[in-house]
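Some notes on the structure that comes next.
The values are calculated or read from the model by the stated rules, or taken from the named source; none is laboratory data. Note that the structure is a prediction, hence the values are computed from the model and not measured. A quick note on method: Cβ atoms are made from the backbone with ideal geometry, for glycine too, and the neighbour counts reach across all protein chains shown.
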Amino acid sequence: PLPPAYALVATDLDGTLLRRDDTVSPRTRAALGLAAAAGARHLVVTGRPVPGVRALLAALDYRGLAVCGQGTQLYDAGAGRIVRTAALDRELADAALGKIEAQVGQVFAAVDQDGPAGRTLTEPGYLMPHPSLPAH
């Protein structure tokens, strides 16, 4: 037998898999079902951190791996655990932000705390790209 044309289908969440109200259209569900029936695996890739996608993936009955937090977290949705995480050194991040601000002016930043319960922290002036994402 021939291998499937596509062994892996990777999708972003916001503006790709999800509509603005965080739902998946029937057409998209059907397309994912056809891909799965043809033998392809689905991989979610998102800038959202794990705490911002855990309930959403559960509601979608997604049980695979998800690359989250701008690529810093690998989440196993089926097991409900973070498999791998990478954190940016605070001093390095502060130095980088300072250099950017020296070139372009004031920057409003947000950071995601590490860990499965990490919160998204924003400073005044930062505009969340998606209103349903929790921020502090």
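Some points to look at:
- The residue that is modelled with the lowest pLDDT, counting only those in the stretch 61-74 that are surrounded by 13 or more Cβ atoms within 10 Å (Cβ to Cβ) and farther than 20 Å from Asp22 by Cα, is Thr72.
- Residues considered: Ala37, Ala102, Ala58, Ala77. Of these, the only one that is surrounded by 18 or more Cβ atoms within 10 Å (Cβ to Cβ) and of a type outside the set (S, T, N, Q) is Ala77.
- Meets criteria (loosely packed, with under 14 Cβ neighbours inside 10 Å, over 25 Å from Gly115 (Cβ atoms), modelled with pLDDT of 90 or more and of a type outside the set (Gly, Ala, Ser)) for Pro26: yes
- You will find that of Val111, Val104, the residue that is without any contact (Cβ under 8 Å) to a residue 24 or more places away in the chain, out of contact with any strand residue (DSSP E or B) (no Cβ under 7 Å at 6 or more places or on another chain), of a type in the set (Val, Ile, Thr) and on the phi < 0 side of the Ramachandran plot is Val104 and no other.
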